[in-house]
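These notes are about the structure you will find just below.
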Amino acid sequence: MASFPPSVNEKLIARARTVGELLAPTSPFDKKCGRENWTVAFAPDGSYLAWSQGHRIVKLVPWAQCLNNFLLHGTKNGANAAGARLPRQSSDGSQKNKPCEHIIDCGDIVWSLAFGSSVPEKQSRCVNIEWHRFKFGQDQLLLATGLNNGRIKIWDVYTGKLLLNLMDHTEVVRDLTFAPDGSLILVSASRDKTLRVWDLKDDGNMMKVLRGHPNWVYGCAFSPDSSILCSVGASKAVFLWDMDKYSMLRKLEGHHNDVVACEFSPDGALLATASYDTRVYVWDPHTGVILREFGHLFPPPTPIFAGGANDRWVRAVSFSHDGLHVASLADDKMVRFWRIDEEYPVQVAPLNNGLCCTFSTDGSVLAAGTQDGSVYFWATPRQVCSLQHLCRLAIRRVMPTSQVRNLPIPCKVLEFLCYQI
């Protein structure tokens, strides 16, 4: 078994450029378990990076400052060396918009993180309540942390202050995602087999429980227009939910093992899912058709072998903000960068014991977390998007596949708009 097919010379695949690394602090009596970095997140405006260092600790650092440190001091940057607390926001709020470093003790092992920003014009869906504890301003930035005990804690990023403590899950909160429309709608995925929808503008009121997963729920992701939610878990199916009606739209079937991660493309026309079956699938979420298959084991394993312990479990997948690249992280100690129109990786990078990955807000850097609580960074492949691709992004942001197919245009253009070539 190999990581690439015989027709591909691994030595000719470009190596991704290392940007830097943040190493978690260690002590002589540190336990091996509990140090895992299960999640890394970037703020929507690119101002902050957050990651779980293990042992209940989440670290928030200004992303611009982090990049400058890499440029000034080289790629290595021990998190404990830069871990001293910076002055917190003054009581008069004079430094509210100035990013500063925070270390947050969440009280239990952190499994998931998500940033959320507010749009004041977006009203709470609970219209009957006229009074709320919190008034979220336009410059509000929140961090949600999902914990081992089933709780979700909401923090003010600028001050590090705990705002809300949401308690309803009975098992680990494995993933969190905010609606991109600024409504502060939060969805949590848990090992208790449910997804829960929270309205933070209504003081964290739980609006809905989404049921349908037969086992643990590993991950969830909103479409860019916040109308569709994707969820994946310890089954072979991918679930799509209508977030206006809170009902299931469809199930996508094709994986042969647990599906552990999912993410939409920036135009919402594609959905990438990662599975323990050694594959990443790129779907059309509107039709349920698999458009691309990115394999991590060759020759491709049979369904029986893919459904077991195959030593090539894909742990994470992330869509770049240019809509052209996908990153995946697998147990073969390798990070791969894929182009959506090519069959094999365009760049690779070595990584031991990787658990999660995500692109920075501007898409220029990929961050990956590991089992020892550290974070590693690579520059994403540089490519100027073609005018055709930019036009496709603009069209697909407002038109689903069914509407595109009704356009009076040549077949080749139609296939291009539907990502079929």
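General observations
- Checking Ala221 against (1) more than 24 Å from Gln140 (Cβ to Cβ); (2) under 17 Å from the mean Cα position of the chain (by Cα), the condition it does not meet: (1)
- Of the residues making up the range 299-310, at least one is free of Cβ contacts under 8 Å to residues at least 24 places away in the same chain, outside any strand (DSSP E or B) and among the polar types (S, T, N, Q).
- Close pairs (7 angstrom Cβ cut-off, 6 or more residues apart or separate chains): closer than 21 Å to Phe264 by Cβ in the range 394-421, of a type in the set (Gly, Ala, Ser) and surrounded by 12 or more Cβ atoms within 10 Å (Cβ to Cβ) anywhere: Arg396/Gly268; Arg396/Ala269; Arg397/Gly268; Tyr419/Ala269
- Gly373 satisfies every condition listed in (1) open to solvent by less than 40 Å² (accessible area, probe 1.4 Å); (2) on the phi < 0 side of the Ramachandran plot except (2).
- Per-region count, the range 143-164, residues over 13 Å from Ser188 (Cβ atoms), outside any loop (DSSP other than H, G, I, E, B) and either modelled with pLDDT under 95 or open to solvent by 10 Å² or more (accessible area, probe 1.4 Å) (or both): 4
- Residue in the range 203-216 that is closer than 23 Å to Ala144 by Cα, in contact (Cβ under 8 Å) with a residue 24 or more places away in the chain and surrounded by 23 or more Cβ atoms within 10 Å (Cβ to Cβ) present: no
- With respect to the stated conditions, Gln388 is open to solvent by 30 Å² or more (accessible area, probe 1.4 Å) and in contact (Cβ under 8 Å) with a residue 24 or more places away in the chain.
Quick grid of which residues meet (1) at pLDDT 95 or above; (2) open to solvent by 10 Å² or more (accessible area, probe 1.4 Å); (3) over 25 Å from Leu387 (Cβ atoms):
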| site | (1), (2), (3) |
| --- | --- |
| Val289 | yes, yes, yes |
| Glu293 | yes, yes, yes |
| Phe298 | no, yes, yes |
| Ala306 | no, no, yes |
| Ala309 | no, yes, yes |
| Trp313 | no, yes, yes |
| Ser318 | yes, no, yes |
| His325 | yes, no, no |
| Leu329 | yes, no, yes |
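- Reported count of residues in the range 98-130, each being in a loop (DSSP other than H, G, I, E, B) and modelled with pLDDT of 60 or more, is 10.
- Residues in the range 229-278 that are charged (D, E, K, R) and open to solvent by 20 Å² or more (accessible area, probe 1.4 Å): Lys236, Asp242, Asp244, Lys245, Arg250, Lys251, Glu253, Asp258, Glu263.
- Within the range 230-248, the set of residues being outside any loop (DSSP other than H, G, I, E, B) and either touching a residue at least 40 places away in the same chain (Cβ under 8 Å) or farther than 10 Å from Cys220 by Cα (or both) comprises Cys230, Ser231, Val232, Gly233, Ala237, Val238, Leu240, Trp241, Asp242, Ser247, Met248.
The values are calculated or read from the model by the stated rules, or taken from the named source; none is laboratory data. Treat the numbers as computed from the prediction; the structure is a model and nothing was measured. So basically every Cβ, Gly included, is an ideal-geometry build from the backbone, and we count neighbours across all protein chains shown. What goes into the accessible areas is simple: the full protein's heavy atoms, side chains included, and nothing from ligands, DNA or RNA. Shrake-Rupley method; radii C 1.70, N 1.55, O 1.52, S 1.80 Å.
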